[in-house]
Each structure stands twice: as structure tokens, then as C-alpha cells.
Ligand code: FES
């Protein structure tokens with residue numbers, strides 16, 4: 001391994017004969033540094049998504065300090081820098097509208113600056129995929145430190161999980177079974193530490209995927225945010241990135257087609273969030289790797305569901321960490337993984353997990369005690385979803401996986417929320433709730449509207465789940481018989497636009513289909529009369545989003561950000 005400073009990318013900023021090299025060194029000295037701090041050393045950027053507007057990432061300044069310790073120890077020179085941050089529950093209309101903006105910020109901040117390597121600090125749902133996308137496009141040596149999950153929520157002697165249990169308790173409040181005071185008590189104890197949501201929601205899933213891709217050191221995904229081992233881990237990553245620079249180990253060497261398949265396999269085994277699908281498709285697009293929904297289906301078919309975590313299972317991320325975390329899952333999965341894929345350790349997946357152990361076989365199951373023989377996400381087609389749709393069938397009521405019932409259609413999300421509280425809403429347990437205009441163009445921004453709340457009339461009858469379908473997404477913490485990401489979306493004239501209240505909807509998970517029971521000619525007749533809604537943005541970033549966002553089956557990245565640019569796709 002050469003450690004010749006002449007090979008460093010940063011050298012062209014600091015060590016050329018031009019005036020500006022001298023000026024850059026002089027201005028760097030204004031930070032109070034001696035020449036010995038940086039001369040001839042790899043410059044390591046610490047890309048920090050810390051923000052007080054993003055509570056999940058609020059501890060990342062402390063994590064950055066631990067990374068810096070590691071960088072100094074290994075002979076590097078750390079420089080921390082911010083990018084925009086995407087706080088999942090604060091941002092309106094949805095963080096997904098801004099994932100690509102953050103990815104551009106990350107990519108260009110890396111590219112434009114004198115960095116030889118970068119450590120990326122992330123945690124909340126969209127910050128992780130945005131950084132993965134940006135790092136993939138910038139392609140200099142990169143390692144991730146995810147922020148880790150919160151400690152388990154504690155409510156009256158019971159563990160409660162972010163989103164998942166909060167939604168259940170909120171429904172009890174809607175029906176009057178939980179008082180205002182009770183709700184305030186839940187509010188105070190459900191998010192009781194730093195860190196991201198601690199069920200296997202999108203944040204935990206994406207952290208697990210970072211590890212499965214080989215973009216962080218083994219074991220990093222599940223360590224709780226306040227656990228001291230999170231900082232030790234960050235320090236190790238700081239040390240490792242310096243060697244990665246000398247080895248010139250880049251994202252394109254790690255995030256190969258095989259690594260993406262490993263990530264999909266782990267996603268299926270942990271019952272990961274449906275949002276992981278759209279993010280992985282976007283990351284693959286950045287790398288010029290063809291990954292399709294069919295790949296997800298094929299991998300799901302052969303992958304058992306092993307991680308007993310909410311919302312699909314019983315435990316929380318803290319339990320998962322103590323049980324062995326992702327290394328223990330990957331060790332079980334080795335027969336299904338590309339074992340020789342190289343990771344940021346410089347070693348293979350198989351070598352990384354060789355010594356891993358499972359310490360709780362109820363949390364991390366073996367193949368013989370798997371929770372289900374197949375993975376946690378099912379890819380659907382059918383006349384409503386010619387280019388695909390998803391259902392997290394492991395988090396749905398089993399009796400609804402084969403279902404037919406009349407549609408009750410909502411065109412507008414906010415009006416829908418009002419209607420769902422009506423005591424005279426004409427729905428029953430067979431009704432299929434349909435939401436249009438929730439996709440990338442329609443909402444716009446592809447928000448998490450797909451987990452349509454249960455109508456109050458049904459909750460009062462003790463009915464906790466019904467079939468709900470939309471072209472929208474849902475939070476990874478959500479659950480239920482919810483069909484999502486229907487593509488193409490209704491707002492650009494996808495078949496969902498043709499559905500009317502009273503039409504029969506057929507969900508057939510065994511056949512992987514979501515259909516409206518209408519003759520094709522009738523669907524086409526209705527679509528011929530479809531009028532595309534006026535765009536909601538005519539200027540600024542919103543307009544750029546609408547002009548360039550791709551559909552869910554291409555990851556909703558911008559067409560011009562993919563390694564092989566494509567046109568935005570409208571239905572044939
Ligand atoms: Fe940030 Fe859930 S709100 S991960």
C-alpha cells in the first residue's frame with residue numbers, strides 16, 4: 001500500500017505551484033492550524049447531517065468528534081462540513097421531496113472540495129439514502145457512520161416502538177379509549193433518547209442496508225445512539241477511512257451489483273421498510289447498475305424472514321443489537337449472499353462475519369425457525385400496477401392477503417383525513433380504501449400518505465385493518481394490508497386514475513396481483529377522459545423536481561442524476 005502524498009487528490013488544491021495553492025494553505029491556517037496538521041496528510045471530510053431541525057441526528061456533532069479522533073490517530077486531517085438535513089417528522093410536505101436535493105448537496109460538496117476521503121454521518125430516514133446516492137456519484141473513498149437507534153420507548157411497564165406503537169395508541173385516543181392525559185404520557189416516553197426510530201422502520205432498515213452493502217464497519221447499524229460503543233465505533237471508522245484513502249477503496253469498488261443483491265437479501269431477511277426498495281433502486285441508478293423490482297421479487301422468494309422486529313415482529317432495535325445485529329443475520333444468510341464481495345474493511349463479507357454469533361435466537365431466527373419462508377416485501381403487478389407495486393405482507397393481517405371488495409376512493413389526502421373521522425362513512429371491513437394523487441408528481445414528492453388511517457367507524461367496531469391502496473409510500477414503522485408505490489402513478493394517468501368508488505378491487509398476494517375488476521376497454525375509456533392536474537410548482541426546486549423526477553420503479557431519482565441519464569417516464 002503506497003502512502004505517497006503525491007497520490008492524494010487534495011494535493012492539487014494545496015501543493016501546486018499556482019498562487020491559489022499558497023492562498024488555500026494560508027487561509028486554512030486561519031482555523032488556527034499549524035502546517036504539521038495538514039501537510040502531506042489525507043484530508044478527510046466529515047459530512048455531517050446534524051441539525052436541530054432533525055432530532056434523529058441531533059447527537060452527530062458528538063459522533064463527529066469521535067470520528068476526528070480516529071482520523072488524527074491514523075495520520076489523517078479531518079474537516080467537518082454540513083449539508084442540508086432532512087428531519088422526517090418536521091419537514092413539509094415530505095422529506096422525500098428533498099432527498100435528491102440533499103444527494104446533490106452531498107455529491108457536490110465532496111467533489112468541489114479538497115477531500116481525499118469522506119466519513120458520512122446520517123440517521124433519519126432520508127439522510128442515509130441521500131448520502132449513499134451522493135457518495136456513489138462522487139466516488140472518492142467513503143465510509144458511513146449511522147447515528148444508531150433510540151433506546152426502546154417505555155410506557156407503563158411496556159416497551160413501545162417509534163411510530164408502530166404510537167400509531168396504535170393514537171387510534172385508541174381517536175376512539176376515546178385513551179385519554180388526553182394518557183396521550184401526553186405516551187408523548188413523553190416514546191422517544192426517550194437521541195437516535196433514529198427504533199423499530200425496523202426506514203431509518204433502521206437503511207442503516208442495516210449500509211452495513212449489508214459493506215459501506216460501514218460490521219456491527220454498526222444496531223448500536224443504540226446513546227451507547228458508548230457508538231462513539232468507539234465512530235472512532236474506528238475515522239481510523240479506517242485514512243487507510244481506505246491509501247488503498248483507493250471507493251464506493252464503486254464496494255457497491256457492486258453483488259453488494260446490492262446482498263443488501264436486498266438482508267432487507268428481505270430483516271422485514272425491512274418498503275422505502276428501502278425505492279432508495280436501493282435510486283442508488284443502483286447512480287452506479288449504472290441495472291436493478292429492477294423483479295430482482296427484489298426473486299431474492300425475496302429465496303430469503304427467509306429472520307429478524308423478529310416490529311412492525312413485522314415483536315422486538316425493538318435495542319434487542320436486535322444485543323442479539324448480535326446485522327453480522328449475526330448475515331452469518332445466517334451466508335449461503336444466499338455473495339460471500340466474496342469486498343467491503344470498506346478491505347475484506348470480504350464472509351471474512352467480516354466469520355466470528356459473529358447470535359445471542360438470542362428468538363430475536364434473530366435461524367433458517368429452521370424463520371418467521372416466514374420468504375422475505376418481508378412482496379412485489380405486485382396487475383392491471384392497476386403495470387410497472388409494479390409493493391406490499392409489506394409480513395406486517396399485514398393474513399386474512400386480507402387474498403381479498404376482494406368495493407373501492408372507496410379519495411382524490412385528496414387532506415379531505416380524506418377529515419372524511420375518515422366521519423361517523424357515517426359508508427365503509428365496512430370489506431371496503432378497499434383507495435387514495436389517488438399521492439405519488440411523486442401527484443402529491444407531489446411521494447409522501448408517506450399510503451398508510452391511510454383506519455376509518456373511525458371501523459375502529460369503533462374493533463376492526464383494526466383493511467385493504468388500502470395508493471400510489472404513495474408509507475413510513476417503515478407502519479403496518480397493515482397496505483398496497484403502495486402503485487406505478488405508474490395516478491397523477492400522470494396511470495390506471496389507478498381510472499378507479500371509481502364502487503369498483504371491485506382484487507388483491508391476490510399469492511398471484512402477486514392488484515387489479516380492478518373492469519374490462520380493459522372500460523379502463524382505457526376512463527383514462528381517455530383523464531385530465532392531468534395542474535403542476536403544483538412553477539418555479540424553483542419544486543419545478544425542477546416535477547420536471548425531472550422518475551417513477552418509483554426507477555427510484556424517484558432525477559433523470560439527469562443517474563449514471564446513465566434517462567427521460568422521465570410517462571405511461572405508454
Ligand atoms: Fe427520524 Fe424516524 S423520525 S428516523
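Miscellaneous remarks
- Within the range 226-240, no residue that is free of Cβ contacts under 8 Å to residues at least 24 places away in the same chain sits with its Cβ atom under 9 Å from a residue that is surrounded by fewer than 18 Cβ atoms within 10 Å (Cβ to Cβ) and in a helix (DSSP H, G or I) at 6+ positions apart or across chains.
- Only one entry of 85, 51 meets the criterion of being within 16 Å of the ligand (Cβ to nearest atom), surrounded by 23 or more Cβ atoms within 10 Å (Cβ to Cβ) and either outside the structural domain of residue 442 (by TED's automatic domain parsing) or in a helix (DSSP H, G or I) (or both), and that entry is 85.
- Filtering 110, 140 for residues that are more than 21 Å from the chain's Cα centre (by Cα), at negative phi, more than 15 Å from the ligand (Cβ to nearest atom) and in a loop (DSSP other than H, G, I, E, B) leaves a single hit, 140.
- Qualifying positions in the range 144-170 - under 29 Å from residue 419 (Cβ atoms) and touching a helix residue (DSSP H, G or I) at 6+ places or on another chain (Cβ under 6 Å): 169
- Some residue of the range 263-282 being more than 16 Å from the chain's Cα centre (by Cα) and crowded, with 20+ Cβ neighbours inside 10 Å: no
- Residue 211 vs. criteria away from the ligand (no atom under 15 Å from the Cβ), over 21 Å from residue 274 (Cα atoms) and modelled with pLDDT of 95 or more: no
- Entry remark, the range 156-201: residues being away from the ligand (no atom under 16 Å from the Cβ), assigned to a loop (DSSP other than H, G, I, E, B) and at negative phi number 4 in total.
- When residue 446 is tested against (1) in contact with a helix residue (DSSP H, G or I) (Cβ under 7 Å, 6 or more places away or on another chain); (2) within 16 Å of the ligand (Cβ to nearest atom), only condition (2) is not met.
- Only one of 157, 201 that is surrounded by 17 or more Cβ atoms within 10 Å (Cβ to Cβ) and either under 20 Å from the mean Cα position of the chain (by Cα) or at pLDDT below 95 (or both): 201
- Number of residues in the range 121-137 that are more than 15 Å from the chain's Cα centre (by Cα) and within 16 Å of the ligand (Cβ to nearest atom): the value is 0.
- In a residue-by-residue description of the range 245-256, the property of being in a helix (DSSP H, G or I), more than 27 Å from residue 2 (Cβ to Cβ) and assigned by TED's automatic domain parsing to the domain that holds residue 343 applies to no position.
- Scanning the range 113-137 for residues that are closer than 25 Å to residue 273 by Cβ and assigned to a strand (DSSP E or B) yields a total of 4.
- Every condition in (1) within 22 Å of the chain's Cα centre (by Cα); (2) surrounded by fewer than 18 Cβ atoms within 10 Å (Cβ to Cβ); (3) within 24 Å of residue 146 (Cβ to Cβ) is met by residue 360 except one, and the failing one is (1).
- Single condition residue 542 does not satisfy, out of (1) modelled with pLDDT of 95 or more; (2) part of a loop (DSSP other than H, G, I, E, B): (2)
The values are calculated or read from the model by the stated rules, or taken from the named source; none is laboratory data. For clarity, every value in this text was computed on a predicted model and none was experimentally measured. For neighbour counting, all protein chains shown are included, and Cβ atoms are generated from backbone atoms with ideal geometry for every residue, glycine included.
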